[in-house]
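To keep things clear, I will list the structure first and then write my remarks on it.
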Amino acid sequence: MEDQAPRWARAGWALRVSSLLLPLFLALPLVSLVLRLDPRAWLEHVASPVALRAFVLTLETTAVATVLSAALGLPLAWLLARHRFRGSDVVDTLVALPVTIPPVVVGVALLMAFGRQGLVGRAFDLLGIHVAFTSVAVVMAQMTIASPFFVRAARAGFEAVDPALEHAALTLGASPWRVFWTVSVPLARPALFAGLVLCWARALSEFGATMMFAGNFPGRTQTLSLAVMSAMESDLDTAVAVASLSLLLGLAALLVARGAARRWWVAGG
Amino acid sequence: MRPTAWAVLSLALLSGPAKSAAARTEAKPTTIRVFAAASLQEAFRAIGARFEAAHPGTRLEFNFAGSQVLRTQIEQGAEADLFASADTEHVAALTRAGLADPPQIFAHNRLVVVTPANNKRVRRLTDLGRPRVRIVMAGPAVPAGRYADQALAALGRDPAFGAALEAAVRGNVVSLESNVRAVLAKVQLGEADAGFVYETDARAAGGRVRVIALPPRAEVRTTCAATVLRAARARPEALAFLHSLLGPEARLLLRGLAFRP
Amino acid sequence: MAEAAGLTFAARVALEGLALEAAFEIRPGERVALVGPSGAGKTTCLHLVAGLRSAEHALITLDGRPLTDTQRGIDVPPHRRDVGLVFQDLALFPHLDALANVSYGLGARGRPRGQVREAAARWLEEVGLADLGPRPVTALSGGERQRVALARAMAAGPRVLLLDEPFSGLDVVTRNEVRAGLRAFLATLTIPALLVTHDALEALMFGDRLVVLEQGRVTQSGSWSELASRPRSSYVAALTGFNLLRATLAPGAGWRTARAGPLELTVQSDEPAGEVWLAFAPTAVLLVPQRFGVSTRNWFLCRMRESLPLGGHVRVMLDGGTPLVADVSQEAADALGLEPGSTIWAWIEATAIRVYR
C-alpha cells in the first residue's frame, strides 16, 4: 500500500541533519557577507565611480561574451549532438578543457596566444591590433571560460530531441537550416536557455583569466570581480558593497532561469 | 667498479636511518610563519636558509604576496609570526590596531622603470609619454604602486619633465596589478612596454629587462620594515629572526641583492 | 514513348549483420506492401527512398527523375525529394498543434500563410479531424494522431507515399478503427504507395501486390493469390496461409452469423451488417475424425484435397463448400491418416475469426 505521507516527514533524523549540512555550509558565507554590509553606507559605496564602472563594464562584457558563445556554440553543439565525425572526440575534449584548467592558467595561455609575443598576437601586433589589456580581452577571457558551459547544455538539449522529428521535417520539404530553427531549437529551448544562463553566470564570476590576460584597469578591464579584489586591498567596506552587487546579479540570473524553467515545464515544453 | 658502487650504496642506505634516528632524538622543529612582501622573496629565502642553519630546530614558512594583501589577511585573523612590508605604512597600521610591535626598518630599496630587453618603443624616460605605449604598475594600495605614484608626481614637478608628460604617462597605464612581481612578469613577457618595480626586482629578472633609472629629483627611496605580531605563536623564534634580519650578515646579503642600507 | 512514372528502387547496402540487396517497382496508384520479419531491412528501404540513408550502390527514380544514382554520383537531399513518409512512431511535432503540424510541409515551401492554413484545414477535414486543428498533438488519441501524420505527409504534396508499420503503435481497438479509414484513403491515391509491415493481415488488406523481404533479400513478389498458391519460402507460406472468405454479416452486435457461400459461421463483431471479409489463420482450424461437444456452430464436414508438408507441420487444403486451409502438426497428420478424398470434420475457432470491411 502506498504511503501518502509527504516524503520529508518520513525522512529519518539522520537524513535530515546530513542533508542540511551542505546548504548551511553554502549559506553561511553569503549570510555573513550580507550581514557585514552597512546599510547607510551601502548606497554610497555602490554608487561610487569605481563600483558603477565595474558594474557597467561587467554587464557589457558578459552580455557580449554570452551572445558570442551562443552564436558560435549553437552550430557546434548541434553538430556534436548529431554527428560522429572523425575529430568529434577531439573537439569534445577541447571544448571541455577550459573547465578543468585553473582560470589563471587559461589567462596565461591566452597571453601565449594573443599577447604581443603570442602565436597569433605577433601577427596582430604587426597589423597594429592590440588585444591584451582591452575590454576585448575581457570578453575573450570570459568566453574561453564560460562558453563550454553553454555548449555542454546545448548539446544535451539537442541530443534529447528525437532525430526522427528532424527527419520528418526534412521529408516534408524543409531545408536543414529551416529544420534547425523550426524543430531542433524550439524543442531544445529549455536546455538552450539554461545553457545561456549558466554561461552568463560563469562569465560574471570570471576572475583569474581576466586578471592575467586583460589586466586590471577601472573602466576598461576592471570587472566586478577584479573591483572587489582591488577594493579589498584598501577598504573592506567598499569591497563588501561591490561584492553584494555581484551577489545581486548572480541571484537575478538564477531567478530568471528558474522562472523560465517553470513556465516551460508547466506548458509542457 | 662494483665493490665501490656497493660501498656507496650501503653508505647512503645506512645514513638514512642514521639521520632519522638523530632527528627523532631532537624535539619537533618550531615553525616561524613569515608574511613578506613579494619583492623580498629572494632576500628572505637566502636569509632564512642561513637562519635555519644557525638555529637548528627552527623552520621558516613563507607567504609572499603584495604587502596590502598580507596586511588584510593579518587583520582578518591569519596566523603569522612576522610581517615584513615594502613600506612602513602597512606595518604602522597594524601597530596602531594593536596587532603588532612597532615597525623595524631593515632595508631600503629604490624604484626604477624597467622595459623588456628588446623593446624598441621605450629607450628613455620621456618615451613613456609617447602614444600607444603600454605601462603597467602596481595598484594604489600596493606599496610599489604608491611609490610609483609619488615618482610620477615628482616627475611632473620636475621642469625637465613637466606636468603634460606626467599626464601622458598616467594615461598610458593599462593595468594596476596586485603586487610588484606581477608588474615585473608582464614586462618580462613583453606584454607591457614599461613598468615600475624595485631595483631589486629588476636585478632578479637579470638580462630579461632593461633598467631606466629615475632622475635624482624624482628618485623614490623606499623603506622595508618588519615587525613581530602580538599574536605570534613562535614569538621568541620570530624575535630571533627579526634580530638576524637587522644584523650584519643579513645586511651583506641584502646589499648583494641590490637593496640599499 | 511514355515517360517512366512511379517509383523504381534498386539498392545494395551493408547494415549491422545484414546485407540488403533488393529491387522493386511501384506504378502510380499502385499500393505495394513490403512484408518481412523484423530486421529484414524494410525500414531501411523506406529511408533509402526518402534519402535519410545512403547506400553503396543504389538507383532510385521517381517519375523518371533519379533521386539516388550512385554510379553518376547523384544523391538528392531528402528535403527535395517530394517523398511523403509516415514514421513508425508518427514523429509529430510536439511543440505544434494539429493544424501547424499539417501546415509544416506547405509552410516550408514558402507559400503565403493564408493559403497554407486553408490547405491544411482542408486536409484535416479530409481525414475526418476538421475541428481538431488547434488541439496540441500531445492531447490527441492514438487514432487521431495517426490521421494527423497522414494528413501532414499528404499536405506537402508528395509524389510517393511511404508508410512505416502504421499500426504498430496502436492498441487493438484503435487499430481496427483506423484500418478501415486508411484502406479507404489509400484507395483514392493516384501516387504510388509503399506500406511496410510484418503483419500478414495488413499486407493482405493494403497491398495490391506484396514484396517479401527476408534477410535483406526479396524472396518473392506478386499478388496475394500468387503468393498463397505458390509460396517460395516457408515465411511466405506461413504469411499467406490465411483463410480469407467473403461473407455477409447478419445484423446485430457481438455474437452473430456470417454467411460465406454455403458456410454459415458464428463470429464476434460489432461491424454493421453487410458485406465483410472474414480472415482466420490455418492454425485456427481444428481437424478431428468425429464432431464433439454440444454446439454445432462452426463445425463443417470437409473433403481433403491435398496436403503440403511445411517442415514440422502439414498444410491441409480442404473443401468444405468453400476452400479452407488448415495447419496441423506432423503427428496429428499421421494420426488422422489423411488421404486425398477422405472426409474429416473441421472446427473453426470463432474468436480467431477476424471480421473487417
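The table that follows gives values for the structure above.
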read-out	value
Entirely in region C:244-357, the strands (runs of 3 or more DSSP E) that have 1 or more residues that are under 30 Å from C:VAL178 (Cβ atoms) and within 28 Å of the chain's Cα centre (by Cα)	C:254-260, C:263-269, C:274-280, C:285-288, C:323-329, C:343-348, C:354-356
Residue list for region C:54-81, filter: closer than 21 Å to C:PRO28 by Cα, surrounded by fewer than 19 Cβ atoms within 10 Å (Cβ to Cβ) and at the interface with chain A (Cβ under 8 Å from one of its Cβ atoms)	C:ARG80
Filter pass, C:ARG152 being out of contact with any Phe, Trp or Tyr (no Cβ under 6 Å at 6 or more places or on another chain), charged (D, E, K, R) and closer than 22 Å to C:LEU62 by Cα	yes
Region A:197-225 - residue that is buried (at least 24 other Cβ atoms within 10 Å of the Cβ) and β-branched (Val, Ile, Thr) and, of those, nearest to the other protein chains (Cβ to nearest Cβ)	A:THR221
Single unsatisfied condition, C:LEU150 versus (1) within 25 Å of C:ARG135 (Cα to Cα); (2) surrounded by fewer than 22 Cβ atoms within 10 Å (Cβ to Cβ)	(2)
Residues of region B:141-163 satisfying the condition of being among the hydrophobic types (A, V, I, L, M, F, W, C), touching a residue at least 24 places away in the same chain (Cβ under 8 Å) and farther than 28 Å from A:THR238 by Cα	B:ALA154, B:LEU155, B:ALA160, B:PHE161
Single residue of region B:129-152 satisfying the filter (more than 14 Å from every other protein chain (Cβ to nearest Cβ) and under 22 Å from B:SER178 (Cβ atoms)) that is surrounded by the fewest Cβ atoms within 10 Å (Cβ to Cβ)	B:GLN150
Count of residues meeting criterion [exposed (fewer than 13 other Cβ atoms within 10 Å of the Cβ) and either in a loop (DSSP other than H, G, I, E, B) or within 13 Å of another protein chain (Cβ to nearest Cβ) (or both)] in region A:89-119	2
Residue count, region C:150-189 (criterion: within 14 Å of chain A (Cβ to nearest Cβ) and of a type in the set (Asp, Glu))	2
Candidates A:ALA194, A:ALA153 - the one that is surrounded by fewer than 21 Cβ atoms within 10 Å (Cβ to Cβ) and more than 14 Å from chain B (Cβ to nearest Cβ)	A:ALA194
Some residue of region A:160-174 being β-branched (Val, Ile, Thr), part of a helix (DSSP H, G or I) and within 14 Å of chain C (Cβ to nearest Cβ)	yes
A:MET229 vs. criteria within 16 Å of A:PHE133 (Cα to Cα) and either part of a helix (DSSP H, G or I) or at pLDDT below 90 (or both)	no
Residues satisfying the stated conditions in region B:59-80, i.e. touching a Pro at 6+ places or on another chain (Cβ under 6 Å) and more than 14 Å from chain A (Cβ to nearest Cβ)	B:ARG59
Matching option when the condition is under 29 Å from C:GLU331 (Cβ atoms) and among the aliphatic types (A, V, I, L, M), among C:ALA253, C:ALA203, C:ALA284, C:ALA260	C:ALA284
Test set (1) outside any helix (DSSP H, G or I); (2) in contact with a strand residue (DSSP E or B) (Cβ under 8 Å, 6 or more places away or on another chain) - B:GLY145 fails condition number	(1)
Candidates A:LEU24, A:LEU59 - the one that is surrounded by 13 or more Cβ atoms within 10 Å (Cβ to Cβ) and modelled with pLDDT of 90 or more	A:LEU59
Sole residue being closer than 16 Å to A:LEU52 by Cβ, away from chain B (no Cβ under 14 Å) and crowded, with 20+ Cβ neighbours inside 10 Å, chosen from A:VAL228, A:VAL242	A:VAL242
Candidate set from region C:102-119 (those that are closer than 19 Å to C:LEU189 by Cβ and surrounded by 20 or more Cβ atoms within 10 Å (Cβ to Cβ)); member that is farthest from the other protein chains (Cβ to nearest Cβ)	C:VAL102
Region A:13-38: number of residues that are in contact (Cβ under 8 Å) with a residue 24 or more places away in the chain, in a helix (DSSP H, G or I) and among the hydrophobic types (A, V, I, L, M, F, W, C)	3
Members of region C:5-53 that are in contact with a helix residue (DSSP H, G or I) (Cβ under 9 Å, 6 or more places away or on another chain) and within 14 Å of chain A (Cβ to nearest Cβ)	C:HIS47, C:ALA50, C:GLY51, C:LEU52, C:ARG53
Count of region B:168-214 residues which are away from chain A (no Cβ under 12 Å), among the acidic types (Asp, Glu) and under 17 Å from A:GLN117 (Cα atoms)	0
Complete set of residues in region C:201-224 that are in contact (Cβ under 8 Å) with a residue 24 or more places away in the chain and assigned to a loop (DSSP other than H, G, I, E, B)	C:GLY207, C:ASP208, C:GLN215, C:GLY216
Complete set of residues in region A:120-140 that are within 13 Å of chain B (Cβ to nearest Cβ) and under 17 Å from A:PRO103 (Cβ atoms)	A:ALA132, A:ALA137, A:VAL138
Single unsatisfied condition, B:GLN68 versus (1) closer than 24 Å to B:ALA250 by Cα; (2) crowded, with 21+ Cβ neighbours inside 10 Å	(1)
Qualifying position, being over 26 Å from B:ALA192 (Cα atoms), more than 14 Å from every other protein chain (Cβ to nearest Cβ), at pLDDT 85 or above and assigned to a helix (DSSP H, G or I), among A:LEU187, A:LEU247	A:LEU247
Residue that is farthest from B:PRO140 (Cα to Cα), among those in region B:63-93 that are among the β-branched types (Val, Ile, Thr) and modelled with pLDDT of 90 or more	B:ILE74
Residue within region A:39-46 that is buried (at least 17 other Cβ atoms within 10 Å of the Cβ) and not in a loop (DSSP other than H, G, I, E, B) present	yes
Residue check, C:LEU96 more than 17 Å from C:VAL160 (Cβ to Cβ), among the aliphatic types (A, V, I, L, M), surrounded by fewer than 22 Cβ atoms within 10 Å (Cβ to Cβ) and more than 8 Å from chain A (Cβ to nearest Cβ)	yes
Helices (runs of 4 or more DSSP H) fully within region B:157-261 counting 3 or more residues that are surrounded by 16 or more Cβ atoms within 10 Å (Cβ to Cβ) and charged (D, E, K, R)	B:199-205
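The values are calculated or read from the model by the stated rules, or taken from the named source; none is laboratory data. Just so it is clear, the structure is predicted and the values come from calculations on it, not from any experiment. Cβ coordinates were reconstructed from backbone atoms using ideal geometry, including for glycine residues, and neighbour counts include every protein chain displayed.
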